[in-house]
Amino acid sequence: MRLVRFYYDESFHDRKITLKGKEVNIYKVDASDSFVAVFVGGDNAVIDGLNNKFSRFETKHKKSFGLEYEQELKATVIGKRNFKHGVSSFNKDTLTFYKDYFSIYTESVYIQVNVISKTAQVIWTIFQNVKLPYVVKKKEFLYSVTKFLNNYRFNDILIRIFEERGKLNSKILMNEFIKNLKLIFESSSDSTKKRLERAALNDLITILNGVKDELNISYSYEWDYNNIFNLFDTYIIEHSIIPKQIDLFIDNEVNTLEMATKDQKFKSVTSCKSEENEGIRTCDILSNFIGRMVKALSDELQEPVIGHVTDVETYDFKTKRILSKDWFNLNEEQFNLYKVINNILKSEKTSVYHSFYFDHTILFIGILSYVSEYSTYSDYQKNSLEIHAEYFNTYCCMLIKDQYSLL
């Protein structure tokens, strides 16, 4: 029988989404709205080869980062400042680290990536029992609500999301949603860049005014580990892999282990400490890279937070938010690294999944594919950095529009 090994690890993992003081834990400075989970696998011979190459990679870079042989090489050895503007921020050591890391992959390796919005899970939970008019697509509705909340992070709404469930609190939260939507709609009337958003806001106001069902609100929202394995099931079906062929190795996390073993569908499931398993350490570096790239992209494009309704009066709705030109100030090695990563994530055995809210995933996939549109570094250099920033913005808007049409 064919035997396949898969390894699993994640980044920006929050077991619960909750209000801490006056701030939602997933919106803190060092946190991220995006949970990133990665499965890396292959036939046993393929994985043996991958682990051997990873071992050589580890040995080299433990020395370069001054680690002892018995110490674990974690992705966090790379400083945060290296991700401020994506690959263009990489210093020489970081660039070499990731060039060597991504060189270990071949087209025979299976890679499944999940980038899941935590805000989207909260919104899905809140509205899961709400009946909408038959003409309204629920995923489009949930996408719009998530985008609105994630973009502006209205404190008046956020504090109401984490309340005891009940008809009164449900009505108060619904009123806060509608009130703040109307404020944005009215205050952005002379903003050209908000034209499409205003149409969506107007639709949301109409839909929410018609909602009579109680919202499913709570003091905190447990992370849905089931979703990750449902997506993994989809992936292995697409790639004609039978669950009973799979030996799955996961990082030492009780909730993940419980979900992985729930239906006993895999040949085996083993929970390991990352320092004892090369495959999990391979996933750690990949999930961390994707998570930090997604966070850097979303942080830079984040709209200013609206702490109180009075902030709307002075809010700047006119300035277009696009990536700074620093993201596109690439040397040839950095340019080529983007192309290498893009080739890996676009390979036949790789899939990237997201929830009904996908903007941050599109930004990450978008910057890889945008840079890769240029055949050579010379071609890339023909455009100014400012032009690249504008082109990328247009490129991602098209990708988001195309993905939205599939909801």
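The values are calculated or read from the model by the stated rules, or taken from the named source; none is laboratory data. What you see is a predicted model, and the numbers here were worked out from it, not measured in a lab. Cβ sites come from the backbone with ideal geometry, for glycine too, and all protein chains shown count toward neighbours.
Quick grid of which residues meet (1) buried (at least 19 other Cβ atoms within 10 Å of the Cβ); (2) over 21 Å from the mean Cα position of the chain (by Cα); (3) not aliphatic (A, V, I, L, M):
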| residue | (1), (2), (3) |
| --- | --- |
| LYS244 | no, yes, yes |
| ASN255 | no, no, yes |
| ASP263 | no, yes, yes |
| ASN277 | yes, yes, yes |
| MET293 | yes, no, no |
**Report entry** Matching option when the condition is surrounded by 17 or more Cβ atoms within 10 Å (Cβ to Cβ) and of a type in the set (Gly, Ala, Ser), among SER351, SER375
**Finding:** SER351
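Filter segment 184-195 down to residues that are surrounded by 18 or more Cβ atoms within 10 Å (Cβ to Cβ), touching a residue at least 60 places away in the same chain (Cβ under 8 Å) and not in a loop (DSSP other than H, G, I, E, B), then give me how many there are. Reasoning before the result, please.
Let us first name the residues in segment 184-195 that are surrounded by 18 or more Cβ atoms within 10 Å (Cβ to Cβ), namely 184-185, 188, 194.
If we keep only those that are touching a residue at least 60 places away in the same chain (Cβ under 8 Å) as well, we get 184, 188, 194.
Still in the running and not in a loop (DSSP other than H, G, I, E, B): 184.
Of the residues in segment 184-195, 1 are surrounded by 18 or more Cβ atoms within 10 Å (Cβ to Cβ), touching a residue at least 60 places away in the same chain (Cβ under 8 Å) and not in a loop (DSSP other than H, G, I, E, B).
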Query raised in the report: Does LEU132 satisfy being assigned by TED's automatic domain parsing to the domain that holds LEU201 and under 23 Å from PRO304 (Cα atoms)?
Result: no
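Filter segment 121-152 for residues that are of a type in the set (D, E, K, R) and either free of Cβ contacts under 8 Å to residues at least 40 places away in the same chain or outside any helix (DSSP H, G or I) (or both) and give the result.
LYS131, LYS137, LYS138, listed by residue number.
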Report summary line: Expected output for segment 268-287 (first residue within 24 Å of VAL115 (Cβ to Cβ), partner among the basic types (Lys, Arg) and surrounded by fewer than 16 Cβ atoms within 10 Å (Cβ to Cβ), Cβ below 7 Å, 6+ apart or cross-chain) is ASP284/LYS74
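Scan the helices (runs of 4 or more DSSP H) fully inside segment 314-407 and keep the ones with 3 or more residues being in contact (Cβ under 8 Å) with a residue 24 or more places away in the chain and in the same structural domain as ILE241 (by TED's automatic domain parsing). Give the derivation first.
Details: elements: 332-345, 359-372, 377-381, 385-404.
In segment 314-407, 332-345, 359-372, 385-404 are the helices (runs of 4 or more DSSP H) which contain 3 or more residues that are in contact (Cβ under 8 Å) with a residue 24 or more places away in the chain and in the same structural domain as ILE241 (by TED's automatic domain parsing).
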Query raised in the report: Is there any pair linking a residue in segment 211-226 that is over 26 Å from VAL115 (Cβ atoms) to one that is among the acidic types (Asp, Glu) and in a helix (DSSP H, G or I), with Cβ under 7 Å and at least six apart or on different chains, and which?
Result: none
Query raised in the report: Somewhere in segment 147-157, is a residue surrounded by 21 or more Cβ atoms within 10 Å (Cβ to Cβ) and in contact with a Leu (Cβ under 6 Å, 6 or more places away or on another chain)?
Result: no
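If we scan segment 263-276, do we find a residue that is under 30 Å from THR94 (Cβ atoms), in contact with a His (Cβ under 9 Å, 6 or more places away or on another chain) and of a type in the set (Asp, Glu)? If you could, list the steps in order and put the result at the bottom.
The initial filter retains those residues of segment 263-276 that are under 30 Å from THR94 (Cβ atoms), namely 272-276.
Imposing the further condition that a residue be in contact with a His (Cβ under 9 Å, 6 or more places away or on another chain) reduces the set to none.
There is no residue in segment 263-276 that is under 30 Å from THR94 (Cβ atoms), in contact with a His (Cβ under 9 Å, 6 or more places away or on another chain) and of a type in the set (Asp, Glu).
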Requested in this report: Can you tell me which residue within segment 30-46, out of those that are more than 21 Å from the chain's Cα centre (by Cα) and touching a residue at least 12 places away in the same chain (Cβ under 8 Å), is nearest to THR361 (Cα to Cα)?
Outcome: GLY42
